[in-house]
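Chemist: First the structure, then my questions, so here it is.
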Amino acid sequence: MNNILKPLKLKRKDGEIVDAIFYNNSNIQNIEIVDIKKLKFEGMKTKDIKKLQIHKEVLKGEDKIFIQNNQSKIVAVLSKRHLNKIISTIFTRDIESRHAYLKKELITNIDKIFYSAIPILKHPELKKEALYQTQIIHRFALPLKIGGFIFLTMITVKERTDYQKMLIDEFSIYDLYSEVSDNKKSLDSSSKVSLRTFLSHYQVTTYSINDLISFVNCSITKRL
């Protein structure tokens, strides 16, 4: 596992201030964009791709799978329940999105994406104190390319310190093209990061580690 670089204070979007630490990624200069070239649902319409088909592609008939991150060596569990949580947004609010099809394809490649993702930071989170101890939240990020479009993704892994288990809890996919074109009036920090990144889509094939750190910070925190 990576050494930890330095501690910091985070003010999450729910207003809670937590102690966090960056992973030491000083050995990484640039992060290559992972290109998802093989489409698993090629030729199908978005509305015809059902949850059951995504389950079949990801879980291979099992109730859960174990996947490893190459950089941190963390092995995380993805269960049927948490896969349902991950894909629920696309099957409800996002079903008419121009990129809903591509997002479904990205989810079915979560094992490849998690393997290549860069660990950015971790911080504690206390929930249901009477039931179990503090969870440790690990945040990973990665730039992705699919169908000619660039996405950024952040994967959240929850570590149950009383249960010795890593659970993949969230897989957030940020469609930079739609975010910029649909929210031109927005001036919040996350939009600035996305806009800056979007403008360089067709000029670069790599991202800096600082880009990913800024992306994760803007996605989960408010400025202190």
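The values are calculated or read from the model by the stated rules, or taken from the named source; none is laboratory data. These numbers were taken from a predicted model, which means no experiment stands behind them. Here Cβ is always computed from backbone atoms with ideal geometry, including for glycine, and neighbour counts include all displayed protein chains. Areas reflect the complete protein model, heavy atoms only, side chains present, ligands, DNA and RNA absent. Shrake-Rupley method; radii C 1.70, N 1.55, O 1.52, S 1.80 Å.
Chemist: What's the center-to-center distance, using Cα atoms, between segment 26-62 and segment 64-88 in Å?
Modeler: So the separation of the two Cα centres works out to 13 Å.
Chemist: Classify segment 1-55 as rounded, prolate or oblate, taking a ≥ b ≥ c as the square roots of the eigenvalues of its Cα gyration tensor: rounded when a/c is under 1.5, otherwise prolate if a/b is larger than b/c and oblate if not. Don't jump to the answer; show the numbers that get you there.
Modeler: Numbers: a/c = 3.88, a/b = 1.80, b/c = 2.15.
Verdict is oblate for segment 1-55.
Chemist: Step through the table entries K60/K85; K6/K104; K85/K145; K45/K145, compare each Cα-Cα distance with 29 Å, and write down the pairs that go over it.
Modeler: Numbers: K60/K85 18 Å; K6/K104 36 Å; K85/K145 23 Å; K45/K145 20 Å.
The pairs that break the limit, which is 29 Å between Cα atoms, are K6/K104.
Chemist: Can you classify segment 1-96 as rounded, prolate or oblate using the Cα gyration tensor, where a ≥ b ≥ c are the square roots of its eigenvalues, rounded means a/c under 1.5, and otherwise it's prolate if a/b beats b/c and oblate if not? Walk me through the numbers before you get to the answer.
Modeler: Values: a/c = 2.03, a/b = 1.66, b/c = 1.22.
Prolate shape, in that a/c is at least 1.5 and a/b is the bigger ratio.
Chemist: Let me ask another. Of E125, E57, which has the most accessible area and how do the rest follow, probe 1.4 Å? Walk me through the numbers on the way to the answer.
Modeler: Numbers: E125 25, E57 55 Å².
These residues rank, largest area first, as E57, E125.
Chemist: Same structure, new question: Would you mind computing, in nm to one decimal, how far apart the modelled labels at N210 and K50 are, each placed 7 Å from Cα along Cα→Cβ?
Modeler: It is 5.0 nm.
Chemist: Sticking with this one: So, by mean Cβ neighbours within 10 angstrom, what's the order for 59-71, 102-114, 79-91 with the highest one leading?
Modeler: Details: 59-71: 13.3, 102-114: 20.4, 79-91: 16.3.
Highest-to-lowest ranking by the protection proxy: 102-114, 79-91, 59-71.
Chemist: Okay, moving on. Rounded to the nearest 10 Å², what accessible area does K9 show when all protein chains are kept and the probe is 1.4 Å?
Modeler: 120 Å²
Chemist: Residues in segment 47-68 near a label at V77, defined as backbone nitrogen under 12 Å from the 7 Å Cα→Cβ point?
Modeler: Flagged as within label range: 63-67.
Chemist: Continuing with the same structure: Of all the accessible heavy-atom surface of segment 21-96, with the other protein chains kept in place and a 1.4 Å probe, what percent is carbon and sulfur? List each step's numbers first, then the result.
Modeler: Numbers: 2340 of 4820 Å².
With neighbouring chains kept in place, the figure for segment 21-96 is 49 percent.
Chemist: Roll a 1.4 Å probe over the protein chains and send me the accessible area per residue for segment 32-71 in Å².
Modeler: Ligands and nucleic acids excluded, the result is 72 Å² per residue.
Chemist: Also, I was wondering about something else. Please arrange R139, R160 by accessible surface area, largest first, computed with a 1.4 Å probe and ligands excluded. Walk me through the numbers on the way to the answer.
Modeler: Values: R139 25, R160 50 Å².
Ranked list, largest accessible area first: R160, R139.
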